[in-house]
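Asker: Below is a structure I'd like to ask you about.
All of the numbers you see were taken from the coordinates with simple rules; none came from a lab. Keep in mind the model is a prediction, meaning the values are calculated, not measured. Cβ sites come from the backbone with ideal geometry, for glycine too, and all protein chains shown count toward neighbours.
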Amino acid sequence: MTRRIVAIVGSYRRGGTIDRLVDQVLESAAEQGASANKIFLLDHRIEFCTNCRNCTQVSGERRGACQLADDMDHILEEIRQADALVLGSPINFGTVTAVMKRFIERTICLAHWPWGTAAPAMRKKRRDKRAVVISSCAAPGFLGRLATSGVGLMKKAATVLGAKTIGTMMVGLVAVDERQELPASAVRKARRLGKRLAAH
């Protein structure tokens, strides 16, 4: 059976570091027979969550219905049908981009949180998907991991989306030139991760 992989890209730059690394992951997975779909968040209308919590009130595994009329439901349906995920965002001001954060906040519909309870509970307990998280920053990569929250936030989002993170990447020193070459080591790692995502 062909594995379906969906990549969620929260970069503002087409052809930038994150976009190209995600392409490497998906290309490697496709070479193993997987089908791949890349969703560039900037191409979609995603409204801000209003914290009304209407989507969290009804119990059950099915995600709650959001009252906002935009593209988020379509994106979540693509993810629901996928076997594996890629979440990618550069680090801006210490965390993921605003468009990635907006997407992550809207995943609250995957939780049950009726009024009168202190905290949300995930509707789906099983994590039957695999996920890879990719990030980049201007600092050296090891400092980016230590001093920023982007990778951890995307790993939490993967959990909410029903996935277990099997690998992460943080590529550092990406702001020296307007369009830098991808480090060969990063390309090799991205392709290894793609192969793992495609494995049955």
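Asker: With +1 assigned to the C-beta of every Lys and Arg and -1 to the C-beta of every Asp and Glu, and no other charges, what is the dipole magnitude of segment 4-198 about the Cα centre in debye, to the nearest 20?
Answerer: 800
Asker: Here is a follow-up. Which percent, nearest 5, of DSSP beta bridges in segment 4-198 are antiparallel?
Answerer: Values: 3 of 29 bridges.
Roughly 10 percent of the DSSP beta bridges within segment 4-198 come out antiparallel.
Asker: Of the listed values (i) 16.7, 52; (ii) 20.7, 69; (iii) 16.3, 47, grab the one calculated as Rg and Dmax of the Cα atoms in Å from the structure here.
Answerer: Entry (i).
Asker: Shifting gears a bit: What ranking do 78-91, 25-38, 108-121 get when scored by the average of other Cβ atoms within 10 Å per residue, highest first?
Answerer: Ranking the peptides 78-91, 25-38, 108-121 by packing returns 78-91, 25-38, 108-121.
Asker: For a Förster distance of 45 Å, can you work out the FRET efficiency between the beta-carbons of Lys156 and Ser185, rounded to the nearest 0.05?
Answerer: Working: r = 27 Å, r/R0 = 0.59.
Rounded to the nearest 0.05, the efficiency is 0.95.
Asker: Relative contact order (percent) for the chain, with alpha-carbon contacts under 8 angstrom and 6 or more residues of separation?
Answerer: 28
Asker: Take the Cα atoms of segment 129-196, find their three principal axes, and give me the spread along each one in whole Å, biggest first.
Answerer: 37, 27, 18
Asker: Using alpha carbons only, how many angstrom separate the centre of segment 1-65 from the centre of segment 159-191?
Answerer: 16
Asker: Under 19 Å from a point placed 7 Å out from the Cα of Ala147 along the Cα-to-Cβ direction: which residues of segment 67-92 have their backbone N that close?
Answerer: Answer for this model: 90-92.
Asker: Report the local net charge at Gly194: Lys and Arg +1, Asp and Glu -1, summed over other residues whose C-beta lies under 9 Å from its C-beta.
Answerer: Around Gly194, the surrounding residues sum to +2.
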